[in-house]
Amino acid sequence: MVEQDEYAPYPDVSTDDPQMENGRFAPPPSPLPPETLPTPEPPPKKRSGCWMGIIAALVILSLLAFALISVFQFGQNALSSWTPPWATATPALAEAGRIAYIGPGGQVYTAQPNGENRRQLTADEFPYQFPAWARQSNQLAALGGGGIVSLTDADDPAQTVIYQGDGQSPFYLYWSPDGSQISFLSNSQRGIALSVAAADGSSEAEIRSFGTPFYWDWLGDSRQMLVHTGAVGEDARLGLLQADGSVEQIAPPGAFQAPGISANGRYWAYAEDVGAGQSWLVISDTETGEQWTERHTGVVAMSWSPAADKLAFISGLQNKNSFWGPLRLFDIETGDVTLLSDNFVLAFFWSPDGRYLATINTGDINRDTGVNVAQWTKPARGIEMKTAVQPTPHQFNLAVIDVENGTEEQVVSFFPTGVFIAQFLPFFDQYALSHNIWSPNSDAVVLPMRQEGESRVKVVRIDGSEVLDLGQGDMPFWSR
């Protein structure tokens, strides 16, 4: 059996925050203090190198002191979007859904993506964090005041208290597919607790399970969950959690964080510990029992297309405790694995139509990607570990990959906010299930960026033609 730190499914970070459980999946910090940063440049040319030491150091610094983002020292030019030669004129963003974010005073705001019809949904003495939209409705929920509130996005907003923590504040929430329930995590004497509450506040929250750390994906019935708790070893679990709290064990979990369920519910993805220090990516067909398996190095992070049976994943080729690395795509229909990007990818997010993947990368190219292809029910092949190369520092990039034709374009370079670096990126695979950065039309993403000493909400067209500034704010997410 592998030692727990052999394949830790998260970056190895630490903090003195009493809400943090062993430095993993902690509550987001308070609103950031003012700080002065140089402003972003257009995307730099790609340069070879391993970013692992630099990125790990940034995450640690962010968790310990979120005001220290200025350590990046990445340039002096004003924020601008890069217009690639293939970009064409596009209509202005208008009523393509709405964006919720944390604005001045730590309150919840919503607005159209062009900044019009702005609403302030809360006006309390305490700050809120991580607003999340329910699917197919104008309801959202947010963490605040030691509890969770449900909000109606309207000119006369309604507010309902869903949960009050009584000293055990929740730090992450995730709506059920049907919008009737809100699942959330909070700290307890037994570790991290997963609870479920009625979204209309009609009943008390119920604790379903415990585990540290805790990751999950809802099944389409809004009753069951595919859960992964613990790291690896005897305390780790991978199973199907029922509404009554019972768990049907599936396999000993390997080196990964959040499991994934395909859009049609048929395929499950996770990593399995097969012993002898080996972790394998597994895609299981719940109808036929067939499995596709592939050995991976480091930690593997995965996400299903919302429109097809395709799984995107990254794994840490150059560091056994991280998932940062090249991006690949597994196609259920063909059984092929395709290398989509050899950039040093930190996180990725599917567009609603399943055509694009937005990635956050450093611009560095992983020369030793060791692309390998595995097939259904056949022995898998491993990826060799390669020697790390010293990095050349520069700012983060937003890139967009067109999955249909395989092209990748660097769209804009930016300085992320402290919350984005410290809380969102290390757990992007879980947040991608519950919080959406893409427009409903799959033509833009929303991101928090540091500019002139403050956090700003920016809407970025994926063709690079436009960057809209919605004003001061952080933690922006698009309605579904």
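All of the numbers you see were taken from the coordinates with simple rules; none came from a lab. Only a predicted model underlies this, so the values are computations on that prediction, with no experimental measurement involved. We place every Cβ from the backbone using ideal geometry, glycine too, and count neighbours over all the protein chains shown.
Exposure proxy for Trp133, Trp478: other Cβ atoms within 10 Å of each Cβ, ordered fewest to most, give Trp478, Trp133. Using the average count of surrounding beta-carbon atoms within 10 Å as a protection proxy, the listed peptides 273-282, 144-153 rank, highest first, as 144-153, 273-282. Neighbour counting of Cβ atoms within 10 Å sorts the residues Ser222, Ser246, Ser180, Ser303, fewest neighbours leading, into Ser246, Ser180, Ser222, Ser303. Within a Cβ distance under 9 Å of Tyr109, other residues only, what is the Lys/Arg minus Asp/Glu net charge? Around Tyr109, the surrounding residues sum to +2. All other residues whose Cβ lies under 13 angstrom from that of Pro259 are scored, Lys and Arg at +1 and Asp and Glu at -1, for a net of -2.
The value given for the stretch 206-354 is a Kirkwood hydrodynamic radius of 15.6 Å, derived from the mean inverse Cα-Cα separation.
Computed over the alpha-carbon atoms, the stretch 145-248 gives an Rg to Rh ratio of 0.99, Rh here being the Kirkwood radius from the mean inverse distance. Going from the fewest other Cβ atoms within 10 Å to the most, the residues Asp156, Asp469, Asp429, Asp217 appear in the order Asp156, Asp469, Asp217, Asp429.
Between Gly325 and Ser315, Val345, the built amide H atoms are under 5 Å apart, and every one of these is 5 or more places off in sequence or on another chain. Fully extending the segment from Phe210 to Arg118, taken as 0.36 nm per residue of separation minus the present Cα-Cα distance, adds 29.2 nm. Backbone N atoms of the stretch 247-266 closer than 12 Å to the 7 Å Cα→Cβ label point of Gln291 belong to residues 250-254.
Model label sites at Asp166 and Gln242, defined 7 Å from Cα along the beta-carbon direction, differ in position by 2.8 nm.
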